[in-house]
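Trainee: Would you mind keeping the following structure in view while I ask a few things?
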Amino acid sequence: MKQKRANTRRRSRGSRESKIEGTGWDSPWSLVIVFFFLTSIFLFLRSPFFSVRNYVINGANRVPHEEIIARCSQKSANAFDLDLDKMEKAIQSSPWIKEVRCVRKFPDTIVIDVVERKPVVFAPVGGKIWLVDDEGRVLQEDDGVLGDLIALTGVQGILSPGQFLGPEYEWGLKIVAGLGPVSQKKVIELNVEGGECTLILDDGCIVFMGAYETNCEFRIGLLESIVSELEEQGQLAEYIDLRFDKHAVKLKL
């Protein structure tokens, strides 16, 4: 009798243990629950709730917002699917865009921060006038909005938006970018020919800057000093020659 009771207790305990084991994470029902849970999360993340509907664009003045948004177009509008690197490259292909950064703002917004290029010279080439920035990138045809730019002459060939000028113009663009406040107001033309640069001032003075100079700051600073001194003394120069170690200034009589 005692033996039967002991067997009964063991069977009962074993039954309870099997029931407990059957309700663990390795049971079929648990796997089904996990599957549906993960599926629901996946479907939620792929739902229209995360479709990009808004673009916040900062820093764009010359480039229309519509153009920037059009360059953002990709196969999927889901915020998780968008390739931001690809988007940034597409936006940066615009001639006016120098830098760009795209950031997701969940659930449905992309924030786009851009830095636009600024024209420093205009280049008359082939019957057209082109705006060019300090890196030599051709931005667009002159629209007449900016009237205080320096003329870049001597440019050869055919230009188009987005194109970069050749390395032979690098020295000239460095000169323009480094001009001091006095000389910047007086320079009206930069001529680049034969590997040398020549400036024309608003009073007709010709400034021979010569060939490429590694220590360009010194030569540009010297020009600023000479022009400032001439203005202070009320004198006009016929030409200023900075091509050699000993500079020369010929005054107008």
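Every number here is computed from the coordinates shown, using simple stated rules; none is lab data. In this text, all values refer to a predicted model and were calculated from it rather than measured experimentally. Note: ideal-geometry Cβ built from the backbone for every residue, glycine included; neighbour counts use all protein chains shown.
Trainee: Please give the contour-minus-distance gain from D202 to S160: 0.36 nm per residue of separation, less the Cα-Cα distance, rounded to one decimal in nm. Write out the running numbers ahead of the final one.
Mentor: Details: separation 42, 0.36 × 42 = 15.12 nm, distance 2.91 nm.
Answer, rounded to one decimal: 12.2 nm.
Trainee: Given the rule -39500 (n - 2.57) for each run of at least 4 DSSP H residues, summed and divided by the residues of the chain, what is its mean residue ellipticity at 222 nm, to the nearest 500 deg cm²/dmol? Show your work: numbers first, answer last.
Mentor: Details: 7 runs with 88 residues, N = 253.
So the helix-based figure for the chain works out to -11000 deg cm²/dmol.
Trainee: Turning to a different aspect of this structure: Within 10 Å, count the other beta carbons around each residue, average over each peptide in 176-182, 136-142, and list them highest first. All intermediate terms of the calculation are to be shown ahead of the outcome.
Mentor: Details: 176-182: 16.1, 136-142: 17.9.
Ranked by mean Cβ neighbours within 10 Å, highest first: 136-142, 176-182.
Trainee: May I pose another question? On a straight-distance basis, which aspartates and glutamates could pair with K252 in a cross-link, Cα separation under 17 angstrom, same-chain partners fewer than 8 positions away excluded?
Mentor: The reachable aspartates and glutamates, counting only those whose Cα sits under 17 Å from K252, are D202, D203, E229, E231, E232, E238, D241.
Trainee: Take every Cα-Cα pair in the chain and report what % of them are more than 28 Å apart. Could the numbers behind the result be given before it?
Mentor: Details: 18682 of 31878 pairs.
The calculated P(r) of the chain puts 59 percent of pairs beyond 28 Å.
Trainee: Using 0.36 nm times the number of residues separating E189 and L253, minus their current alpha carbon distance, what extension gain do you get?
Mentor: Details: separation 64, 0.36 × 64 = 23.04 nm, distance 2.34 nm.
The E189-L253 span can extend by a further 20.7 nm.
Trainee: While we're looking at this one, here's another question. Under 18 Å from a label point 7 Å along Cα→Cβ of E141: give me every residue in segment 93-120 with its amide N that close.
Mentor: 95-96
Trainee: When the Karplus curve 6.51 cos²θ - 1.76 cosθ + 1.60 is applied with θ = phi - 60°, which whole-Hz ³J(HN,Hα) does each residue of segment 113-129 get, with x for Gly and Pro?
Mentor: 9, 10, 10, 8, 7, 10, x, 10, 9, 10, 10, x, 9, x, x, 10, 10
Trainee: For segment 119-251, calculate the relative contact order in percent as a whole number, restricting contacts to Cα pairs under 8 Å that are 6 or more residues apart. Walk me through the numbers on the way to the answer.
Mentor: Values: 246 pairs, mean separation 23.3, N = 133.
Computed over segment 119-251, the figure is 18 percent.
Trainee: Could you please state, rounded to a whole Å, how far the C-alpha centre of segment 118-144 is from the C-alpha centre of segment 184-253?
Mentor: That distance is 23 Å.
Trainee: Are there DSSP H segments in the chain that both extend 20 Å or more along their axis (alpha-carbon positions) and score a mean Kyte-Doolittle hydropathy of at least 1.6? List them, or say none. Write down the numbers at each step before the final one.
Mentor: On the way: long enough: 2-22 (30 Å, -2.40); 28-45 (26 Å, 2.32); 216-233 (26 Å, 0.13).
Result, helices passing both filters: 28-45.
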